[in-house]
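Working notes, structure below.
The values are calculated or read from the model by the stated rules, or taken from the named source; none is laboratory data. Everything numeric in this text was worked out from a predicted model, so none of it was measured. Don't worry about glycine lacking a Cβ; one is built from the backbone with ideal geometry, like all the others, and counts go over all protein chains shown. Heads up: the accessible areas ignore ligands, DNA and RNA and are worked out on the full protein's heavy atoms, side chains in. Shrake-Rupley method; radii C 1.70, N 1.55, O 1.52, S 1.80 Å.
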Amino acid sequence: MQQIFNFLIRNSNRLLFLLLLGISLGLTIQSHSYHRSKIISSANFLSGGVYEKINRVNEYMNLRAENDELVLENARLKSLLFNKEDTSKLPLPDTIKGVKPADIIVSKVIHNTYSTHENFLTLNSGSNEGVKPDMGVINSLGIVGIIDDTSPRYSTVVSILNMKSRINAKLKKSNHFGSLTWDGKSTGFVQLRDVPRLASVKKGDTIVTGGQSVIFPEGINIGTVETIYKETQTSFYVIKVKLFNDMTNLGHVYIIKSKDREELINLENKEKNE
Amino acid sequence: MNSALLVNIFRFIMLLAIQIVIFNNMNFLGYISPFPYILYIILYPVNSNKAGLIISSFFLGLIMDMFCNSGGIHATACVILAYYRPYIFKFSFGLSYEYQTIKLNESLTPERFSFILVSVLMHHIVLFVLEAFQFKFIWDILLRTLFSSIFTIITSIIIIYLIKPNKR
């Protein structure tokens, strides 16, 4: 017995090291597996609060770019409005691309990373505003990512520049779809994989979100086709997509509550219970 | 002894703050960023409590992970660096390092430089291997380790000699 105690006392530093190494490696491996939320994330009051303070200063630097973007969006909406014959007689649209206005939460990016293989954003709205994991995040130019984790006031987003993210996307002119991934190289480009060879694709075609996922409504802009590769082993195209969004410069974003979400979750729970 | 503890706590908080506010936003060429927060582990007093160093390094890394959304990669790299620090001392300063009083924040000798170099390389290679987590990125890992190490060493040396304590 005494020898055991002696052993423990003699090797206390080594045991402490192995314990802490085990904990941190466990956290690392857990964060690399896809279908689990993180234990350590920046959606908490400490890091969220600090990032909000930092962002308040940084916002002043980007006011001009943010204003330009708003002016452009305004101009586009105005042109849509003026091209209607008589807007007062039209019934008010209750949905835009299948999404009710009440299902959109406006939020602000308070922290953004794009230099690692697995990038995340932090937003300044959380479960108090109704944000839940797996909601889609877009801005006026195109898609941004998917909500990963929430706290009462903040939430983290898996950016599309994250090698773990897989988003259903399709060609705008035909219905050939594939899955959108990132190869971890350039922040301006993502890859659309598993597009069948039958699809006629050429440079400049628009890529939009597909209807197969419940996270994004169908037809939200992603980017344009830059180059097309043929995979040698399989009969699929790999398309390099140039993003409409500049992922290194994000301001305000919209969080979309999925329309069929509750129904799907109810269905899945029913299957689990049986 | 008490003032050494206070200095360590101050260093812990200041280095984390500088890292998060300034150096995390530096992205040379999109992927090179320096990590001078490991100066806390490098500058920890030589003959102080080793268990204290390992535990505080773990929390240093964990707070970095919280801010970087990176799981546990900083915590792992910091704990490994903290545990192997005595071996790096032996490698750089020779066997009898415990009997000399090593002060890193004095003029830059080859021994001190080699200590900083080996520590930074060790931390960064663990960090980037765990971040990529796949062998197909081996060139990417080596490239990132090399360039980030260069920038970390430069910023570390600048920080050490900028805030050198005044000689009485």
| message | For the protein assembly as shown, compute the orientation-averaged projected area of the C-alpha convex hull (one quarter of its surface), in nm². | response | 30.3 nm²
| query | Using the C-alpha atoms of segment B:2-162, what convex hull volume per residue, in cubic angstrom, is computed? | reply | 117 Å³
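Just tell me how shielded A:140-148 is by partners: mean number of partner chain Cβ atoms within 10 Å of each residue's Cβ, no decimals.
Mean partner-chain Cβ count within 10 Å for A:140-148: 0.
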| task | Return a single number: how many Lys pairs in chain B, at a sequence separation of 8 or more or on separate chains, have alpha-carbon atoms below 21 angstrom apart. | result | 5
| message | Taking beta carbons within 10 Å but only from partner chains, what does the mean come to for residues B:56-68? | response | 5
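Given a 1.4 Å probe, how much area per residue of segment A:158-246 is accessible, in Å²?
Details: 4170 Å² over 89 residues.
Value returned for segment A:158-246: 47 Å² of accessible area per residue.
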| query | For B:Ile163 and A:Leu198, what is the calculated FRET efficiency with R₀ set at 60 Å and r taken between the beta-carbons, to the nearest 0.05? | reply | 0.40
| request: For segment B:114-168, evaluate the Debye formula with one uniform point scatterer on each Cα (no solvent term) and list log10 I(q)/I(0) at q = 0.17, 0.24, 0.27 Å⁻¹, rounded to two decimals. | output: -0.58, -0.89, -1.01
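Peptide A:13-22: average number of partner chain Cβ atoms within 10 Å per residue? Mind showing how you got there, number by number?
Details: counts 8, 2, 1, 7, 11, 2, 3, 14, 8, 2.
Mean shielding by partner chains, rounded to a whole number: 6.
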| said: Give me the 1.4 Å probe accessible area per residue for chain B, excluding ligands and nucleic acids, in Å². | reply: 50 Å²
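Anything in chain A that counts as a DSSP H helix reaching 15 Å or more along its axis (C-alpha) with Kyte-Doolittle mean of at least 0.5? List them, would you? The partial results should precede the final answer.
Values: long enough: A:12-32 (30 Å, 1.12); A:45-61 (24 Å, -0.31); A:63-82 (28 Å, -0.06); A:261-273 (18 Å, -1.90).
Both cut-offs are met by A:12-32.
What is the calculated FRET efficiency for A:Leu81 to A:Glu129, with r their C-beta to C-beta distance and R₀ = 35 Å, to the nearest 0.05? Walk me through the intermediate numbers first.
On the way: r = 28 Å, r/R0 = 0.81.
The computed FRET efficiency comes out at 0.80.
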| note | A:Glu73 and B:Asn27 label points (each 7 Å along its Cα→Cβ direction) are spaced in nm at 2.1 nm
| message | Report the rotationally averaged projected area of segment A:42-258 based on its alpha-carbon convex hull, in square nanometres. | response | 13.4 nm²
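From the Cα gyration tensor of segment A:153-251, with a ≥ b ≥ c the square roots of its eigenvalues, which class applies: rounded if a/c is under 1.5, or else prolate if a/b is larger than b/c, or else oblate? Don't jump to the answer; show the numbers that get you there.
Values: a/c = 1.72, a/b = 1.50, b/c = 1.14.
Because a/c hits 1.5 or more and a/b exceeds b/c, segment A:153-251 counts as prolate.
Compute for chains B and A the buried accessible surface, both sides summed, probe 1.4 Å, and express it in Å² to the nearest 100. Write down the numbers at each step before the final one.
On the way: alone 9910 and 17450 Å², together 24360 Å².
Separately minus together, B and A give about 3000 Å² buried.
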| query | When the Cα centres of segment A:142-190 and segment A:229-254 are compared, how far apart do they sit, in Å? | reply | 9 Å
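Which whole-number percent is the relative contact order of segment A:42-258 (Cα, under 8 Å, 6+ apart)?
On the way: 469 pairs, mean separation 44.8, N = 217.
About 21 percent, as a whole number.
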